[in-house]
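Novice: One structure, pasted below without further comment.
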Amino acid sequence: MSHHIVEVRNLRYAYPDGTEALSDVSFRIHHGESVALVGANGAGKSTLLLHLNGCLVPSAGEVRIGDFPLTPGTLSEVRRTVGMVFQDPDDQLFMPTVHDDVAFGPLNLGLPVDEVEARVFSALDTVGCGGLDKRPPYKLSGGEKRSVAIATVLAMSPSILVLDEPSSNLDPRARRQFINLLKEFKHTKIIASHDLDLVLDLCERTIVLQQGRVRADGPTREIFADDQLLEECHLERPLSMQPRVWGD
């Protein structure tokens with residue numbers, strides 16, 4: 001099975017009040033790609049991400065992970081393959097200690113305790129938090145929380161990493177450390193972000209959402225060089241691609 005492939009076909013999602021959040025969204029992401037989802041507030045980025053591991057069920061269309069559609073029968077396997085890091089780490093960290101949070105997923109897979117322990121410390125070492133295992137999550141900094149949230153996902157050994165606004169509330173140093181960490185993750189990455197410089201650093205491909213539809217899909221630098229597209233989608237070029245204004 002080509003389980004690293006993510007395919008969305010004619011996806012539609014409407015809220016209970018009838019408001020349409022996604023309309024006829026389609027794309028295909030291959031193993032090893034790093035793909036950004038960008039768009040103005042309300043464009044549908046977070047809603048779309050929540051469909052990729054079954055947190056939301058589409059009103060129409062389908063999501064496929066590998067050769068199979070995401071259904072109630074495939075949900076548990078999909079969630080092993082697709083690791084979701086939410087926008088707010090506090091939504092992901094709820095146990096008394098960092099160790100317990102990172103162990104939670106593997107334990108629920110029914111893995112032996114010794115394997116769980118190995119996964120916990122490997123995941124924490126990977127994100128640079130090896131000495132935080134006994135710390136309560138509420139005593140972590142914003143950057144530490146973000147890194148530990150990723151560790152909770154890495155401990156599940158996913159093939160696909162999905163991140164929603166991963167750099168929000170990080171100071172410049174923590175942001176750079178975080179970008180370097182994500183560069184080391186060699187599998188598929190899907191990142192929704194307003195931080196277009198982060199997108200430029202990490203993603204060779206960008207999908208632009210506008211009012212719940214795919215407005216553009218292509219190489220990131222080409223997308224960010226299209227000033228008319230950016231203007232119409234209420235976006236701006238990343239700072240690193242904006243003209244420099246020199247003082248006298």
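Only the coordinates and a few stated rules stand behind these numbers; no lab work does. All values derive from a computational prediction rather than experimental measurement. Reconstructed Cβ throughout: ideal geometry from the backbone, glycine too, with neighbour counts over all protein chains shown.
Novice: In the list Glu20, Glu62, Glu7, which residue meets the criterion of being under 26 Å from Thr206 (Cβ atoms), more than 21 Å from the chain's Cα centre (by Cα) and either surrounded by 13 or more Cβ atoms within 10 Å (Cβ to Cβ) or touching a residue at least 40 places away in the same chain (Cβ under 8 Å) (or both)?
Specialist: The match here is Glu20.
Novice: Looking only at segment 24-44, decide whether some residue is surrounded by fewer than 19 Cβ atoms within 10 Å (Cβ to Cβ), more than 18 Å from Ala192 (Cα to Cα) and over 17 Å from the mean Cα position of the chain (by Cα).
Specialist: yes
Novice: Hey, could you check segment 185-222 for residues that are in a helix (DSSP H, G or I) and without any contact (Cβ under 8 Å) to a residue 40 or more places away in the chain and say which is nearest to Asp88 (Cα to Cα)?
Specialist: This residue is Leu198.
Novice: Another question, then. Look at Ala43 and say whether it is part of a loop (DSSP other than H, G, I, E, B), within 23 Å of Pro166 (Cα to Cα), touching a residue at least 24 places away in the same chain (Cβ under 8 Å) and in contact with a strand residue (DSSP E or B) (Cβ under 6 Å, 6 or more places away or on another chain).
Specialist: Answer is yes for this residue.
Novice: Also, I was wondering about something else. Just one of (1) of a type in the set (Lys, Arg); (2) assigned to a loop (DSSP other than H, G, I, E, B); (3) touching a strand residue (DSSP E or B) at 6+ places or on another chain (Cβ under 9 Å) trips up Arg146, so point out which.
Specialist: Of the numbered conditions (1) of a type in the set (Lys, Arg); (2) assigned to a loop (DSSP other than H, G, I, E, B); (3) touching a strand residue (DSSP E or B) at 6+ places or on another chain (Cβ under 9 Å), the odd one out for Arg146 is (2).
Novice: Among the residues of segment 106-123, is any touching a helix residue (DSSP H, G or I) at 6+ places or on another chain (Cβ under 7 Å), charged (D, E, K, R), crowded, with 20+ Cβ neighbours inside 10 Å and not in a helix (DSSP H, G or I)?
Specialist: no
Novice: So, in segment 201-229, of the ones that are of a type outside the set (Asp, Glu) and touching a Phe, Trp or Tyr at 6+ places or on another chain (Cβ under 7 Å), which residue ends up nearest to His31 (Cα to Cα)?
Specialist: Only one residue fits best here, namely Ile207.
Novice: Next question. Could you check how many residues of segment 20-34 are of a type outside the set (A, V, I, L, M, F, W, C) and touching a Leu at 6+ places or on another chain (Cβ under 6 Å)?
Specialist: Final tally of qualifying residues: 1.
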